[in-house]
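To start, the structure under review is shown below, and the notes come after it.
The values are calculated or read from the model by the stated rules, or taken from the named source; none is laboratory data. Fair warning: this is a prediction, and the values are worked out from it, not measured in the lab. Note that each Cβ is placed from the backbone with ideal geometry, even for glycine, and that neighbours are counted across all protein chains shown.
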Amino acid sequence: MELINEFMPLIMFTAVFVLLLLGFPVAFTIGGVAMFFGLYGFGTSFFALLPLRIWGTMTNFTLLAVPLFIYMGVMLEKSGIAEELLEAMALVFAKIRGGLAISVIFVGALMGASTGIVGATVVTMGLLSVPTMLRNGYSKSLTTGTVAASGTLGQIIPPSIVLVLLGSIMNVPVGDLFIGAVIPGFILVFLYMLYIFIIANIKPEWAPPIDKKILNQITRRELLARVFKALLPPLTLMIAVLGSIFAGIASPTEAASVGAVGATLLTIIHKRFNYQIMKDVMEMTTKLTCMVFIILVGATTLGLVFRGLNGDVLVRGLITSLPFGKWGILFIVMSIIFIAGFFLDFIEITFIHVPVLAPIMVSLGVDPLWLAVLIAVNLQTSFLTPPFGFSLFYLKGVTPPEITTMDIYKGIIPFVIIQIIGLAIICLIPESVTWLPKILLN
């Protein structure tokens with residue numbers, strides 16, 4: 001019996017994982033299992049502890065940025081900015097082999113920096129880019145892989161909801177995380193573009209150039225005007241949101257409100273704003289926000305029980321007893337998060353795994369800022385890895401019938417490998433995360 005009680009936290013953790021794989025709702029699975037084991041471990045006194053913990057989480061001012069950034073992203077999806085930007089950037093990169101795919105990555109990065117919501121970016125890019133790329137003779141796998149990967153850039157390029165959540169869980173200032181994630185985001189964008197350029201030259205039939213007749217129909221001056229008009233709105237919004245944070249004028253939560261207002265104004269300027277769009281945006285924002293916060297409540301309950309049953313002590317003892325040193329343990333922790341990404345959503349991993357694994361690494365002397373960005377890049381792969389990669393589901397839902405699930409799976413494999421390479425670069429060069437915050441904050 002004592003042995004069972006000692007390993008009760010791991011039994012609870014296993015129960016959550018199995019129930020999630022069986023398809024039970026995330027929030028109620030986490031909360032329900034936590035309540036059961038909490039009653040087992042603490043009796044009815046558990047209900048005296050729980051309200052205080054939940055109240056402390058729900059009154060966290062930083063987390064107010066989540067619904068504001070969600071609103072900003074959903075509103076931008078309705079504004080038509082992505083469509084104009086994609087058309088303009090496709091002409092800019094038209095003379096380069098694979099230029100259309102490179103333009104998709106560029107626009108995906110800008111949309112990620114403007115919205116921070118992967119689902120909105122993948123759906124928007126899928127609707128706009130996939131038919132265009134297929135008409136231009138691009139291979140199905142390169143097309144789907146490019147669009148899915150470009151949509152996930154909003155996971156790491158600030159403002160990113162996952163960075164807000166990680167900052168709250170790991171007690172790292174969200175502003176520092178936003179600044180620290182800039183260079184890693186650029187590294188991934190560069191690696192994606194480099195891969196497309198290389199594959200387009202090795203396999204030219206996969207990424208043929210745009211028809212020169214189309215290019216000849218527009219003058220250089222007209223092209224510059226179109227690019228300026230398309231780039232100005234998202235760049236203005238990025239500067240307003242991120243610039244106010246980096247300059248120390250606003251907190252991330254205050255900057256999120258600036259972004260929400262800015263996205264609304266851009267939609268009005270593009271003459272897309274009406275009552276129905278406002279109603280749709282508010283409904284989607286409410287649904288997504290409720291989903292995040294009900295999972296957060298369940299995860300908070302799970303974390304309370306896990307620590308109360310000495311689960312953190314048990315896991316720390318198991319991991320630190322491994323004879324691998326700090327770097328070996330970091331590799332194990334990153335591997336656990338990467339493998340969990342095959343089966344769980346990033347929100348579930350953030351709320352279930354990170355509170356357990358992150359303190360172990362911090363206790364070993366790892367910089368929490370660097371660790372948080374590493375985890376964010378790692379979590380980005382959870383959107384692309386089958387069988388439960390959400391970007392794959394989003395993309396399949398908006399692609400033409402001739403695109404099969406296998407086409408999507410084949411397409412994302414190189415980009416998952418690139419993300420692992422990017423993660424390795426950030427691991428080997430911690431300054432890629434820590435240098436910019438030191439420069440801007442000191």
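The residues listed here are Phe47, Phe42; of these, the one that is at pLDDT 75 or above, part of a helix (DSSP H, G or I), among the hydrophobic types (A, V, I, L, M, F, W, C) and more than 30 Å from Tyr195 (Cα to Cα) is Phe42.
Restricting attention to the stretch 120-178, the residues that are under 17 Å from the mean Cα position of the chain (by Cα), over 11 Å from Ser391 (Cβ atoms) and of a type in the set (Val, Ile, Thr) add up to 9. I'd like to know if the stretch 275-293 contains one or more residues that are farther than 30 Å from Ile11 by Cβ, touching a Gly at 6+ places or on another chain (Cβ under 7 Å) and surrounded by 12 or more Cβ atoms within 10 Å (Cβ to Cβ). No.
Residues checked against (1) more than 16 Å from Phe178 (Cβ to Cβ); (2) more than 20 Å from the chain's Cα centre (by Cα):
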site: Val241; (1), (2): no, no
site: Phe246; (1), (2): no, yes
site: Pro252; (1), (2): no, no
site: Ala255; (1), (2): no, no
site: Val261; (1), (2): yes, yes
site: Leu266; (1), (2): yes, yes
site: Tyr275; (1), (2): yes, yes
site: Asp280; (1), (2): yes, yes
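Each residue in the stretch 346-372 was checked for being over 20 Å from Ile161 (Cα atoms) and hydroxyl-bearing (Ser, Thr, Tyr), and 1 pass.
Taken over the stretch 41-88, the criterion of being closer than 22 Å to Ile295 by Cα and hydroxyl-bearing (Ser, Thr, Tyr) is satisfied by Thr57, Thr59, Thr62, Tyr71.
Residue under question is Leu318, and the condition is that it be modelled with pLDDT under 75, of a type in the set (A, V, I, L, M), closer than 27 Å to Ile420 by Cβ and not in a helix (DSSP H, G or I); does it hold? Spelling it out, it is not the case that Leu318 is modelled with pLDDT under 75, of a type in the set (A, V, I, L, M), closer than 27 Å to Ile420 by Cβ and not in a helix (DSSP H, G or I).
Among the residues of the stretch 165-177, those identified as modelled with pLDDT of 85 or more and not in a loop (DSSP other than H, G, I, E, B) are Leu166, Gly167, Met170, Asp176, Leu177.
One residue alone among Phe342, Phe293, Phe331, Phe351 is without any contact (Cβ under 8 Å) to a residue 60 or more places away in the chain and part of a helix (DSSP H, G or I), and that residue is Phe331. Here Ile183 meets the list (1) farther than 15 Å from Leu392 by Cβ; (2) touching a Gly at 6+ places or on another chain (Cβ under 9 Å) almost entirely, failing just condition (2).
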